[in-house]
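These notes are about the structure you will find just below.
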Amino acid sequence: MSLPLILAVLLDLWLGEPQKYHPLVFFGNLANSIEKKLRYQSHSAFVQRCMGLIALLIMVIPFSLLIYSINQWSIINTLFSPIVLYFCIAANSLKQHALLVFQALNKNNILLAQNQVGMIVSRDTNKMTVIEIRKASIESVLENGADAVFAPIFWFIIAGPTGAVIYRLSNTLDAMWGYKNQKFLHFGWAAARFDDCLNWIPARLTALSYALLGNTRQALFCWKTQAKLLDSPNAGPVMTSGAGSLNLQLGGPAWYHGKLKHKVFFGGHKSADNNDIMRANSLVNASLILWLVMVIFFQISGEVLA
């Protein structure tokens, strides 16, 4: 298991996220088509939830069965597994997006920084101040470290390429349909809940990794006392632990779709500066190394005991 994982991480480090012909682009276009055919606001909440569940099953099951079937061919599995995982993780892409925000801020180009941070957050960015841009970038790096790096790796370890694909597809559908607005509140319910379930363990392992590699005592304290104050049951532990580990105060009011949302402050005491964006990236990278080391250790230990 460790060799395909290492190869996938090296592929991501070398190639980054494909700019063209990424399988998730095709998947997203197909998901849009399915959603247009099955989502009807005129139906009751129960019917909308049922249609959302059907859409989720249509989008996840066939692709997962295809990956599972291909993975049974041991001849091609050695090459197939790391390639599948490579398409499911985005550590390099996450770093590059954050780096673009960091560079724009260092050049005092606020408009460019607003545009760049808009590529990785769902909140409104056109009115963001410098400190708000910094905090949004750091929060996105910490949260997406769990979603785009560690959760796919966790499910790859548990269930091979099929597990990684199921997670990646469900997470993509949650990003597309999981909004708590009039359009998707009921239709996206199944995708959002399924993604929450798949993320529960990986999110807490990510939070623990962040805590171990920084200010451990403060990270654990923030996780214990502040995670419950955040909206997401999985992003809460990840972001509060990461913020505490870096001793940064994150959160606070933010604009979403033209409305101000009074989000809580969380984390440590230090106000974020530009370099803290790269510190957050370094924390994710250090956690990735920790995961690789632990996977190799447990595999070697298992082989010795066997």
Checklist entry - Any chance the stretch 154-172 includes a residue that's within 30 Å of Lys259 (Cα to Cα) and of a type in the set (A, V, I, L, M)? => result yes
Item to check | Residue list for the stretch 54-69, restricted to those being in contact (Cβ under 8 Å) with a residue 12 or more places away in the chain and either among the hydroxyl-bearing types (Ser, Thr, Tyr) or surrounded by fewer than 17 Cβ atoms within 10 Å (Cβ to Cβ) (or both) | outcome: Ile54, Ile58, Ser64, Tyr68
Checklist entry - For Ser301, all conditions in the list (1) among the hydroxyl-bearing types (Ser, Thr, Tyr); (2) in contact with a helix residue (DSSP H, G or I) (Cβ under 9 Å, 6 or more places away or on another chain); (3) surrounded by fewer than 17 Cβ atoms within 10 Å (Cβ to Cβ); (4) without any contact (Cβ under 8 Å) to a residue 60 or more places away in the chain hold save one; what is the number of the exception? => result (2)
Next on the checklist: I'd like the residue in the stretch 209-225 that is among the hydrophobic types (A, V, I, L, M, F, W, C) and more than 16 Å from Asn281 (Cα to Cα) and, out of all such residues, is farthest from the chain's Cα centre (by Cα).
Outcome noted: Phe221
Checklist entry - Of all the residues that make up the stretch 95-147, how many are in contact with a Ser or Thr (Cβ under 6 Å, 6 or more places away or on another chain), outside any helix (DSSP H, G or I) and either surrounded by fewer than 17 Cβ atoms within 10 Å (Cβ to Cβ) or of a type in the set (A, V, I, L, M) (or both)? => result 2
Next on the checklist: If I filter the stretch 213-225 down to residues being polar (S, T, N, Q) and not in a loop (DSSP other than H, G, I, E, B), which single residue comes out as nearest to Gly145 (Cα to Cα)?
Outcome noted: Thr216
Checklist outcome for this item: Selection over the stretch 233-263 where residues are modelled with pLDDT of 95 or more, in contact with a Gly (Cβ under 6 Å, 6 or more places away or on another chain) and not in a helix (DSSP H, G or I) yields a count of 4
Checklist entry - Counting only residues that are more than 11 Å from the chain's Cα centre (by Cα) and free of Cβ contacts under 8 Å to residues at least 60 places away in the same chain, how many does the stretch 138-173 have? => result 5
Checklist entry - Quick one: would you say Gly118 is under 25 Å from Ala8 (Cα atoms) and without any contact (Cβ under 8 Å) to a residue 12 or more places away in the chain? => result no
Next on the checklist: Going residue by residue through the stretch 266-279, is there one that turns out to be among the aliphatic types (A, V, I, L, M), within 19 Å of the chain's Cα centre (by Cα) and at pLDDT 95 or above?
Outcome noted: yes
Checklist outcome for this item: The number of residues in the stretch 199-212 that are surrounded by fewer than 22 Cβ atoms within 10 Å (Cβ to Cβ) and either among the hydrophobic types (A, V, I, L, M, F, W, C) or in a loop (DSSP other than H, G, I, E, B) (or both) is 5
Checklist entry - Among the residues of the stretch 229-238, is there at least one that is surrounded by 17 or more Cβ atoms within 10 Å (Cβ to Cβ), under 20 Å from the mean Cα position of the chain (by Cα) and of a type in the set (Ser, Thr, Tyr)? => result no
Checklist outcome for this item: Per the filter on the stretch 254-298, residues within 26 Å of Ala104 (Cα to Cα), touching a residue at least 40 places away in the same chain (Cβ under 8 Å) and of a type in the set (Phe, Trp, Tyr) are Trp255, Tyr256, Phe266
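The values are calculated or read from the model by the stated rules, or taken from the named source; none is laboratory data. Computed from a predicted structure; not experimentally measured. Cβ: placed from backbone, ideal geometry, glycine included. Neighbour counts: every protein chain shown.
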